[in-house]
Structures are given as C-alpha cells and as structure tokens.
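Beneath this line is the structure, given in structure tokens, with notes to follow.
The values are calculated or read from the model by the stated rules, or taken from the named source; none is laboratory data. The shown structure was predicted, so the numbers you read here are calculated from the model rather than taken from an experiment. Ideal geometry is used to build each Cβ from the backbone, glycine not excepted, and the neighbour counts take in all protein chains shown. Ligands, DNA and RNA are stripped out before the accessible areas are found, and what is left, the full protein with its side chains, is counted by its heavy atoms. Shrake-Rupley method; radii C 1.70, N 1.55, O 1.52, S 1.80 Å.
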Amino acid sequence: MIRKNSPFDGVFQKIPARLSALLARIADLRWAFAAVFVSQLLLSEWFLWNLLMVSQKYSMLDVLISQPILFLEAGGWAFLIVLSAALFPLRWLRHTLAALGVILSGFLALGEALLLKAYDTVYNPEMCKSIVASDSRESSEFIASISHYWELFLLMIGLLVLLSWGVILFLRRLRPITFAAVGVVCFFLGFGLSITRYRNWQWAYAPARTTTNDRMAWGLLRAVRMGQQLDSQRQSMHLAAEAAVTDTVASPLGEEVNVILVLGESARAASMQCYGYPLPTTPYLSQLAQAGELCIFSNAVSPANATIASTQAMLTYYTNEQPKDHWHQYPDLLSVLKRGGYATAWITNQESTGGPWSVQQLFGSAADTLMGNAYRLNKTNDLFLSDSLFYDEQLLPHLLTFDEVAKAQPHKRGLFAVVHLMGSHAGYAHRYPKRFARFGAKDITQTLSPAQKEVVAQYDNSILYNDYVVSQIMEHYSHLRSLVIYVSDHGEGLFDDPKNPDFVGHAGNALAPNIVKVPFMVYASPKLREAAPQWWNNLQHIKDQPVMTDVLSRSISHLLGIRTRYDQPACYLLESPTPRVRKVIAADGATAVF
C-alpha cells in the first residue's frame, strides 16, 4: 500500500529541526546559565551562612532544607534568561541579550552583597520603599558614601568569575538535550515555586530560601502593591482622627502658642557635644542648655532605625506595643491637632519624590499649609545643581508664626508646625557649607583608618551645621510664646558597632545603640517659661528618665489640652512619663529592648 503525502508532513519534519536548532542555541549559552546560576547561588549561600553562624536564626537543618530550593530557583532564573535569549536566531543578538542578563543578575547580586555586609539584610519590599523614596541626588550621595566597600566588590567579582568558569566546564560535558532538560526542570520547579509564593502573597516565607532575582522581581511588584495599599492606609489614618478627639481643655502653655516640632534626620546623640561628645559639635545648643532655656532629655531612643518606620510611630498614635501592620489604624498627629483647634503646617527640606512613601506625602499632606525648599518641593532636585540650594538654612525664611496664620485662620488656639530637615542624612559632606567644615580626620581620636576618620569628621561637621540651623529656628521663635521640640527620626552607625565595625548608616536590621539613641530636646521661649513656670520646672526634673519617642504624638496633644481616646499617663513625655519597655523595631523586623 502506497501512503499518500499529507499536507502536514512538512510541518512535522520542521519541528524536530527547529527543536534541534533551539537546543543548539541553548547549549551555546551555557556560559550565561553558569554565570547567572552562580551569582544567584553565591549570595544566597552567604546569606544562609550569616543566618546560621552570625545571627543564629537558622539551624543546620534549615540550611540543608534550603539547598534544593535554592539550586532549583537559581537554575530556574538562569534558564529563563538563557531560553529568552536563545529564541533569537542571530548569534550576536542572543549573546548580547544573554550578556545583559548576566550583567543585570551580577549587578543585583553585588548590590545585595553590599546590603548584607552593611545592613545585615537582603533586598525586600521595605528596602524598595527607601529606594523609591530617594531621588537621583540622594542616590548618588549614598553611592559615594559606601565607596569604601570596593574591596568587597572586587572579591565578589573574583568569586563569580572563578565559580562560573568551574560550572561552565561541568556543563560542557552535558549533551544539549541533557542540559536543556536540567534547565526545564529547574524552570518549572524552581521558578514555578517562586511565582506561586508571590501569587499567594506570602512574603513571610524565609527570604533565605529565595534568590536575588527572585527577591528583586517579586519584591518590586509587591512594593508597588504596598504603595497602593499605603494610599488607602493614609486615608484610614486620617479617618481615624475624626473620632479621636473626645474633649478639649485649657493647656498649661496657654492660647496663641507656637509649637514647632523640628524633625531631624540621622542625628545621633553620641556625636553631640551636649550629650558628652568630646568635640564642640553643638556650641549653640550647649549654650542654651547652660542658660536654662533648653531642656535636654538624656536617654531617648527612636522607635525604629529608618525614617518611614520611625515616623509611622512618632507622628501617629500608634506605639510599638501594637502590631506593626496596624499603624495606619491610629490617627496622625496633624489631623488630631487640626480637630483640636490648631492651625497646622509642614515645612520641609526633604525630597518630594517617592509617592506614598515620602514622609511629607504620608503626613505632611494633612497640614493646612505645606511649604519649604522650592528645589525639593518642585522636583528640581537635579544632580548638577549646587549643594548650597539644598542646605537646611533654606527653610529659615519659610518659618511661620501664629500671628501670620491667624490672619487666614481666625479662632485657632495656636500653631503647630513640623520643620523637616535633611540634617545628617547619608552623604554627610553635602549637608553643610564650607564654613562649617571645621573638623578633619586629625580631630577624630577613635582607632580608625584615615578614610574612616574622614567620614566621621564629615558627619561631625553636619552635626555642627545642624546645631546652627536648629538654634536659628529657636531664635526665630524666641520673642513669642513658643515651644520648640527637636528630635531625630533615628541615629546613625559610624564604625562603632562591635558586631560590624565597618558599618556606616542605619536601617536594615541594624540596631546598635547609636543607631537608635537620638537627641530629644525642648526649648521654651522666655514668654512661655514665664507663662508656665510649673510645667517648665517639672520638665527639668524628668529629663533624665528613659523615654522612647513613639509616644510623641500623644504627649504633644495632651500637653496642648486635647483629650483623645488614646490617652495613657505612661505616654506623656512632656509632663510625667512613667517607665515602660522600650522595644525598638527595625525596618526589616528585628527587635531590641533598651
């Protein structure tokens, strides 16, 4: 019997040929598979080692269980990049695309190596918040501030090249069909597991059982969804203020008062002369304290080690005793004070980028008046503009008084304004004019390298300039009935963490004492001290009690005569605080008690 030709015969004949060509192209990219696989696995194994031997959060059993998951996920991402490039028949094009995938994966792994070395963490949605909330100027300053880790980069690159070459030699022994089969198994099991985790929204799973690309891809997508949630959480926070105020009474400070909360950035108490630092970094504030005009709380800690996490407690009625993810169920301070009869303002020298993760968008948007440095607010924070346009003294002409706002907002009890500084934010050398570059490496007595001493000196100069700016704000309100509170969102590590002596900065899981011990001081003008002598004298008696600034909102509203359903006597920092457990929660979830 003679078989007739079928119109599909040509198609079936072409399938094996096309499959064979695809397998050949996949096999031609073994080098890319090896490089991506190693970059993913190397960083993950380092993180596991850190969890096992350093933080001791993992047992050896946890490490062993993690191995097949990591191998599958690393192989899945590597095969995804190889397969995507192999779909293109032009050799130069697929090798170019594969090389871009290798470079991107390697760059992300190097970035995570830096995070792990400096901050004891890997990339996560919380970290994404900080990245998204930073503009190009801040990012460049941050990169410059971590340039001392170049040895780590060279070591990682050397290990990546060496281990990748070894994997390439192994893969060359495999037939193309075998290599492709291994890749497909990794893709469907490892990459499939990764997608399932994200779709189920289970970020609580151990990040050590994921790879760099996995954390970056799904972390970014989850951060976008978290940003959408944050918008609704902000509305929830404002709505909570509607039922928060239960009564208003007379304040010991009287009416028509100016209450100014100066919110510092990355200022640590340990580097301030008025807190015992040997260098004269706070001449003006020290002088005010000696004259009895400034009350300095000697033992204050921040509720967290990063700006957003800290302000979510400081500027709302949430405290660290409650579950962290419930913070938005508590009202924000500005909304409560508005309902209590005060005009409110937010005056900022912070960035305007970052969408819902910008502090000024999250909290400043509730103020009656939002103003500040035009170069920050108008998104002209260009890399090529002079640093002088961004110094904190640019805010001084924008300071408001009650007399000024009362014309537009009559019948108000007083003014409450937040003045948000750049302070000692990373990129310390960019935070002060040259006239404040008083300290150099020669002035630093700690046992550090010359380069490290220079970093510490730059930070000290930023504190010196901060002293000038804060004292100028206090001077601006000195002739009125005014209360000026200065507090930093968190502190800073400066090569003084015994567990990580090379660490500079904050956030992650870093909770060394100097990262959370912050300056907290209260200035009362002569007219205010005269009007409320008993309150001022009492403040002098309680200034050495241990306090945490997560109850700052409750303290301010209670002092101003606003009674809320959240009132608790233990929370009145400015009147009669009682001892409480000071649990600090890191941005990445670690906790410590002070």
message: So in the range 152-164, with the set limited to residues that are in contact (Cβ under 8 Å) with a residue 24 or more places away in the chain and open to solvent by 60 Å² or more (accessible area, probe 1.4 Å), which one is nearest to the chain's Cα centre (by Cα)?
response: PHE153
Identity of the residue in the range 470-498, assigned to a loop (DSSP other than H, G, I, E, B) and free of Cβ contacts under 8 Å to residues at least 24 places away in the same chain, that ends up most open to solvent (accessible area, probe 1.4 Å): PRO498
- prompt: Which one is nearest to the chain's Cα centre (by Cα) among residues in the range 452-469 that are among the charged types (D, E, K, R) and open to solvent by less than 10 Å² (accessible area, probe 1.4 Å)?
  reply: ASP460
- request: Looking at (1) open to solvent by 10 Å² or more (accessible area, probe 1.4 Å); (2) in contact with a Cys (Cβ under 7 Å, 6 or more places away or on another chain), find the lone condition where GLY75 falls short.
  value: (1)
ALA570 being part of a helix (DSSP H, G or I) and of a type outside the set (S, T, N, Q): yes
- prompt: In the range 516-557, how many are of a type in the set (D, E, K, R), part of a helix (DSSP H, G or I) and touching a helix residue (DSSP H, G or I) at 6+ places or on another chain (Cβ under 8 Å)?
  reply: 3
query: Do we have ALA313 as in contact with a strand residue (DSSP E or B) (Cβ under 9 Å, 6 or more places away or on another chain), open to solvent by 10 Å² or more (accessible area, probe 1.4 Å), touching a residue at least 60 places away in the same chain (Cβ under 8 Å) and not in a loop (DSSP other than H, G, I, E, B) here?
result: no
query: Say we look at the range 499-515 and pick out the residues that are surrounded by fewer than 18 Cβ atoms within 10 Å (Cβ to Cβ) and assigned to a loop (DSSP other than H, G, I, E, B); which of these is modelled with the highest pLDDT?
result: PRO501
field: Any chance MET371 is at pLDDT 90 or above, farther than 22 Å from SER335 by Cβ and not in a helix (DSSP H, G or I)
entry: no
- request: State all residues of the range 316-335 that are buried (at least 24 other Cβ atoms within 10 Å of the Cβ), touching a strand residue (DSSP E or B) at 6+ places or on another chain (Cβ under 6 Å) and not hydroxyl-bearing (Ser, Thr, Tyr); if no residue qualifies, say none.
  value: ASP332, LEU334
message: Checking SER286 against (1) open to solvent by 30 Å² or more (accessible area, probe 1.4 Å); (2) polar (S, T, N, Q); (3) part of a helix (DSSP H, G or I): exactly one of these is not met. Which one?
response: (1)
message: I'd like to check something: does the range 182-191 contain any residue that is in a helix (DSSP H, G or I), under 22 Å from GLY106 (Cα atoms) and at pLDDT below 75?
response: yes
- prompt: Looking at ARG94, is it more than 21 Å from GLU45 (Cα to Cα), surrounded by 21 or more Cβ atoms within 10 Å (Cβ to Cβ), of a type in the set (Lys, Arg) and at pLDDT 75 or above?
  reply: yes
- request: Go through the range 78-91 and give me each residue that's in contact with a Lys or Arg (Cβ under 7 Å, 6 or more places away or on another chain) and open to solvent by less than 60 Å² (accessible area, probe 1.4 Å).
  value: ALA85, ALA86
